[in-house]
Amino acid sequence: MTIRESTGQDELALLSLHEAAFGSSEGAGIGRLVTALLHDDTARPLLSLVAERQGRLVGHAIFSAVSIEGYPGASVRILAPLAVAPGQQRRGTGGALIAEGFARLAAAGVDCVLVLGDPRYYARAGFRADHAITAPHPLGHPEAWMASELAFGVLERLAGRARCAASLEAPEYW
Ligand SMILES: CC(C)(COP(=O)(O)OP(=O)(O)OC[C@H]1O[C@@H](n2cnc3c(N)ncnc32)[C@H](O)[C@@H]1OP(=O)(O)O)[C@@H](O)C(=O)NCCC(=O)NCCS
């Protein structure tokens with residue numbers, strides 16, 4: 001498996017991948033989010049990573065920009081969405097995309113990464129819910145709002161409301 005940054009030529013294949021992973025109704029909405037994020041200036045800096053096996057896209061992750069109110073110097077990203085093709089799951093692809101993203105972001109000086117997702121999955125990658133960053137919208141499952149620090153101790157200092165890219169702030173994604 002190889003992991004690389006996505007290009008404009010991957011976009012159609014990415015929509016199919018998300019539709020397959022999330023199911024046709026949720027997947028269509030996630031596909032719209034992917035297209036929007038890839039063309040959203042407010043999402044930058046943005047890291048879009050694809051996992052490839054034998055020339056086929058099998059996984060995709062987007063890390064997009066977040067600002068924290070009151071902490072203009074903080075460098076924060078959010079992981080959304082993450083998907084692995086159904087026939088390719090449980091082979092470490094999701095974990096490898098997260099690890100590669102973290103390595104690249106840490107090298108770029110990013111302080112922490114946020115995610116809204118299943119704690120049973122994301123806790124394995126170092127995400128935790130005991131932080132003081134507030135989500136952009138009220139959450140039905142606050143335990144699913146997690147952060148992983150890339151710079152040691154940063155979650156002890158960061159607090160306040162997160163503001164995501166315009167396309168990701170739409171209430172339907174929260
Ligand atoms: C969640 C997802 C990205 C995981 O990708 P993956 O490549 O299968 O993950 P990995 O191989 O790195 O890790 C697999 C492990 O995570 C576990 N896992 C996967 N999803 C899980 C979940 N929702 N809750 C708990 N554990 C989960 C698997 O059981 C497996 O553990 P095991 O090997 O000990 O049984 C993939 O299942 C997927 O695309 N799902 C549909 C879309 C989605 O829900 N995306 C995440 C929200 S944005």
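Checking each residue in region 68-89 for being closer than 23 Å to Asp118 by Cα and not β-branched (Val, Ile, Thr) picks out Arg77, Leu79, Ala80, Pro81, Leu82, Ala83, Ala85, Pro86, Gly87, Gln88, Gln89. Candidates Ser67, Ser48, Ser24, Ser75: the one that is within 16 Å of the ligand (Cβ to nearest atom), within 18 Å of the chain's Cα centre (by Cα) and of a type in the set (Ser, Thr, Tyr) is Ser48. Within region 1-28, residues that are aliphatic (A, V, I, L, M) have Cβ atoms under 7 Å from residues that are surrounded by fewer than 16 Cβ atoms within 10 Å (Cβ to Cβ) and in a helix (DSSP H, G or I) in these pairs: Ala20/Pro86; Ala21/Pro86, counting only partners at least 6 apart in sequence or on another chain. Every test in (1) under 30 Å from Met1 (Cβ atoms); (2) in contact with a Leu (Cβ under 7 Å, 6 or more places away or on another chain); (3) touching a residue at least 40 places away in the same chain (Cβ under 8 Å) is passed by Ala96 save one, and that test is (2).
Here Ala147 fulfils each of the conditions (1) of a type outside the set (Asp, Glu); (2) under 14 Å from the mean Cα position of the chain (by Cα); (3) modelled with pLDDT of 95 or more; (4) closer than 27 Å to Leu15 by Cβ apart from (4).
Screening the candidates Val110, Val76, Val115 for the property of being of a type in the set (A, V, I, L, M) and under 20 Å from His18 (Cα atoms) yields one hit, Val115. Scanning region 115-143 for residues that are buried (at least 17 other Cβ atoms within 10 Å of the Cβ) and either aromatic (Phe, Trp, Tyr) or in contact with a Gly (Cβ under 8 Å, 6 or more places away or on another chain) (or both) yields Tyr122, Ala125, Phe127, Ile133.
Please note which helices (runs of 4 or more DSSP H) are completely contained in region 1-112 and include at least 3 residues that are surrounded by fewer than 18 Cβ atoms within 10 Å (Cβ to Cβ) and in contact with a strand residue (DSSP E or B) (Cβ under 6 Å, 6 or more places away or on another chain).
none
The values are calculated or read from the model by the stated rules, or taken from the named source; none is laboratory data. Everything numeric in this text was worked out from a predicted model, so none of it was measured. Virtual Cβ from ideal backbone geometry, glycine too; neighbours counted across all protein chains shown.
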